[in-house]
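A.B. asks: Please find one structure pasted underneath; my questions will follow.
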Amino acid sequence: MCGIFGANNGRPVASKLIDSLRRLEYRGYDSAGIAVVGAQGLDLRRASGCVDRLAAVVRDDRPEGTVGIAHTRWATHGAPTDVNAHPHAFDGVAVVHNGIVENHAELKWWLSDLGHEFVTETDSEVLPHIIAKMRRDGMDHRQAVAATLEYAKGSLALAAVFEDAPDRIVVARRGSPLAVAISEDGAYVSSDPAAFDAVGGRFTHLEDGEVAELTRGDVWFDGADGDARRNRWEPVVLPQDGGDPRAGHSSFMAKEMAEQPDAWSRTVASARAFAGVEELAAADRIAIVACGSSYYAGLMARAWFEREAGLACDIEVASEFRHRGGVLSERQVVLCLSQSGETADTLAVIEEMRAAGRRTFALVNTARSAMTRAADRCWLTDAGREIGVAATKTFTAQVAALVVLALRVAHARGRIDADRLEKALDGLASLSDMIRQTLALEGRMASAASAFADRRSAFYLGRGPAFAAALEGALKLKEIGYVQAEAYAAGELKHGPIALIEPGVPVVVVAPSDHLFEKTLSSAQEVKARGARLLLLTDAGGAARAGRLADDTVVLPGADAWAVTVSAVIALQFLARHIATARGLDVDRPRNLAKSVTVE
Ligand code: AGP
């Protein structure tokens, strides 16, 4: 979380910094700021809110200078105010930071005793103070930043500029990601190489604990292998698509939802060719470890590993799994699942598993990410870049890839023959058509949403994979519609949650007409009997069996219960999006969230 960008390119950099921040805004949009260093010294501009607000501040009062750093913030310590916005500066040093300085309180006491005064509520403000102190103690710029990395505990990616050295940026990282690039005109630093799309050239990721200095023409790395690592630069791949980034859609979320049929097809095709699946097949148990929507994708696909492949499958929340000290069997495989490939807790699981000598597996959507580098074996979903904070196409792509993996494991374990595998995979691929048919239900879901628009709470019910779909649907409504939406396994209703049902409360029931349909319908009847407003998502057979029970019944496409459940996920994306839009909310940038959760 938080996006860092810096440029040293011999030209006035303010506009470049702000344009590049826009590409990093998915990492946080609580505030933004830049620091430019030039003949006039250090010049800072900061504004709470999104990058557009900063752009408005800078438009009429542009700082001059050819070296600068920039930041878009997701607040951890201190409210999202102007004064808490980065960069933070002290004594001719300005710093932008991504991560958490865990011992900031102790560091503030220490520095306060030395006469330093702090003006923000942030943890990050200690960083320019430490660097300035190290400079006063006689260290050069790089040494001062390296020493700061020693003093500050926690995760850090930082970039610093100096009033007394207006020709360089010093950068460092531990834990949080940071990459540097060299193009024809200068040197750049960014939290995400995607921001280098606008500069071209070549880039490399900073190693953990590494410090580097960006001059106009080069990047200098500290450490013995500084020269050797020059061989590890990769070319910046410039994007082919120009024009309207939302491709005519009202939001990135709308565009990304519409891309689901293609994302599904591409991912099924890639997963059919994933190398190394036999390593999963040799396991005696699998743990899928993830956060948020990725966790729900694991939950939705679990039955395929258990029923088809005969492989016990646990689904674990990464932040719980890593601290629980659970017992893994000798041949248990841990598969980490992440759209971004940067989620701190999921990444930590990979690192901790590696440190314990286990082979590590990841399924990730972002090819240039920390997890793709960290895992021994990384498979890629092929959903394309997702910008909207709410996972949509990456969720369905994760489900597709997991089901292909499960089927291939089933085949490798001798539970299905090659013919049945191919038929099942072809059937799975053909679900892209069903996804298209579901997308055609947008108007239908918009009208279903109108009954929810003024409600502060909602309940979602389902069983088996449909419970996972309910969880995912409720998460979508929480994060973009700010509705207290809770999902329950339908069988759990009578164990407490039914006490919350009162007349008019919306209840969404996901019920494909499978062997569990009658049981789920009983739960629907129980909430209906207590006055709930019932929205039933089912297939044609289910709709006929439910009759007039629900206030609103949406008939979903899908040849079997599994397909209907996939279709329900997409219908619930529409439901959340239309509720959020009716409330006038920004579906791409919901409050308090960021696309990539790089702090624990
Ligand atoms: C999904 O809509 C959320 N934005 C969020 O729960 C997300 O899935 C979670 O943060 C995990 O992210 P990852 O897949 O990038 O690891």
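Please treat every number below as a calculation from the coordinates, not as lab data. As the structure is a computational prediction, the values presented were derived from the model and not from experiment. No Cβ is skipped: glycine too gets one built from the backbone with ideal geometry, and neighbour counts run over all protein chains shown.
A.B. asks: Rounded if a/c is under 1.5, else prolate if a/b beats b/c, else oblate: with a ≥ b ≥ c from the C-alpha gyration tensor eigenvalues square-rooted, which is the stretch 344-472?
C.D. replies: It comes out oblate by the Cα gyration axes.
A.B. asks: Moving on. Given +1 on the Cβ of Lys and Arg, -1 on the Cβ of Asp and Glu, and no further charges, what dipole in debye does the chain carry about its Cα centre, rounded to the nearest 20?
C.D. replies: With only Lys, Arg, Asp and Glu charged at Cβ, the dipole is about 1380 debye.
A.B. asks: Placing +1 on the Cβ of each Lys and Arg and -1 on the Cβ of each Asp and Glu in the chain, which of Thr381, Thr72, Ala367 has its Cα farthest towards the positive end of the resulting dipole?
C.D. replies: The listed residue farthest towards the positive side: Thr381.
A.B. asks: Could you give each residue of the stretch 491-504 its phi-based ³J(HN,Hα) in whole Hz, using Karplus coefficients 6.51, -1.76, 1.60 with θ = phi - 60°, and x for Gly or Pro?
C.D. replies: x, 8, 3, 7, 8, x, x, 4, 4, 7, 7, 9, x, x
A.B. asks: Now for a different question. About the Cα centre, and with charges only on the beta carbon of Lys, Arg (+1) and Asp, Glu (-1), how big is the dipole of the stretch 246-429? Nearest 20 debye, please.
C.D. replies: Dipole of the stretch 246-429, to the nearest 20 debye: 140 debye.
A.B. asks: For Phe203, Phe221, Phe305, which order do you get if you count the other beta carbons within 10 Å of each Cβ and list the fewest first?
C.D. replies: The most exposed by this proxy come first: Phe221, Phe203, Phe305.
A.B. asks: Can you compute the charge dipole magnitude of the stretch 432-577 about its Cα centre, using +1 on each Lys and Arg Cβ and -1 on each Asp and Glu Cβ, nothing else charged? Give it in debye, rounded to the nearest 20.
C.D. replies: So the dipole magnitude of the stretch 432-577 works out to roughly 260 debye.
A.B. asks: Using a Förster radius of 25 Å, what is the FRET efficiency between Ala39 and Asn103 based on their Cβ-Cβ separation? Nearest 0.05, please.
C.D. replies: 0.10
A.B. asks: Return a whole-number percent for the relative contact order of the chain, with Cα pairs under 8 Å and 6 or more residues apart as the contact set.
C.D. replies: 12 percent
A.B. asks: Sticking with this structure for a sec: If you take the square roots of the eigenvalues of the alpha-carbon gyration tensor of the stretch 270-338 and sort them as a ≥ b ≥ c, do you get rounded (a/c under 1.5), prolate (a/b over b/c) or oblate?
C.D. replies: Here the stretch 270-338 falls in the oblate category.
A.B. asks: Are there any helices in the chain, counted as whole DSSP H runs, that stretch 24 Å or more along their axis by Cα and score at least -0.5 on average by Kyte-Doolittle, and if so which?
C.D. replies: Membrane-span-like by this rule: 393-412, 561-582.
A.B. asks: Still on this structure, I have one more. Neighbour counts of other C-beta atoms within 10 Å: give me Asp123, Asp113 arranged from fewest to most.
C.D. replies: In increasing order of surrounding Cβ atoms, one gets Asp113, Asp123.
A.B. asks: Could you line up Ile34, Ile18 from fewest to most neighbouring Cβ atoms inside 10 Å?
C.D. replies: With the sparsest Cβ surroundings first, the list reads Ile18, Ile34.
A.B. asks: Now for a different question. Would you give the gap between the C-alpha center of the stretch 475-528 and the C-alpha center of the stretch 545-600, rounded to a whole Å?
C.D. replies: Spelled out, the Cα-based centre of one part sits 14 Å from the other.
A.B. asks: So how do 384-397, 345-358, 158-171 stack up, highest first, on mean other-Cβ count within 10 Å?
C.D. replies: Highest mean packing first, the order is 384-397, 158-171, 345-358.
A.B. asks: Of Pro503, Ala550, Ser523, which is farthest along the charge dipole of the stretch 465-570 in the positive direction, counting Lys and Arg as +1 and Asp and Glu as -1 at C-beta?
C.D. replies: The residue sitting most towards the positive pole is Pro503.
A.B. asks: Which order do the peptides 4-12, 579-587 take when ranked by the mean count of other beta-carbon atoms within 10 Å per residue, highest first?
C.D. replies: 4-12, 579-587
A.B. asks: What three numbers, in Å, describe the spread of the alpha carbons of the chain along their principal axes, ordered from the longest?
C.D. replies: Sorted largest first, the three principal extents are 79, 52, 47 Å.
A.B. asks: Which lysines have a Cα lying under 24 Å from the Cα of Lys153, excluding residues fewer than 8 positions away in the same chain?
C.D. replies: Output for Lys153: Lys108, Lys133.
A.B. asks: Name the long-range amide H neighbours of Leu335: under 5 Å, sequence gap of 5 or more, or other chain; modelled H, no Pro or chain starts.
C.D. replies: Ala287, Ile288, Val289
A.B. asks: Counting each DSSP H run of 4 or more residues in the chain as -39500 (n - 2.57), what helix-only mean residue ellipticity at 222 nm follows after dividing by all residues, to the nearest 500 deg cm²/dmol?
C.D. replies: Helices in the chain give a 222 nm mean residue ellipticity of -11000 deg cm²/dmol.
A.B. asks: What residue among Ala132, Gly175, Gln332 has its Cα farthest toward the positive end of the dipole of the chain, where the charges are +1 on Lys, Arg and -1 on Asp, Glu, each on the Cβ?
C.D. replies: Working it through, the farthest residue towards the positive pole turns out to be Gln332.
A.B. asks: Students often forget the sequence filter, so: which lysines lie under 16 Å Cα-Cα from Lys393 once same-chain residues fewer than 8 apart are removed?
C.D. replies: Partners within reach: Lys255, Lys476, Lys595.
A.B. asks: Rg to Rh for the stretch 6-137: what is it, with Cα atoms only and Rh by Kirkwood?
C.D. replies: Ratio value, two decimals: 0.97.
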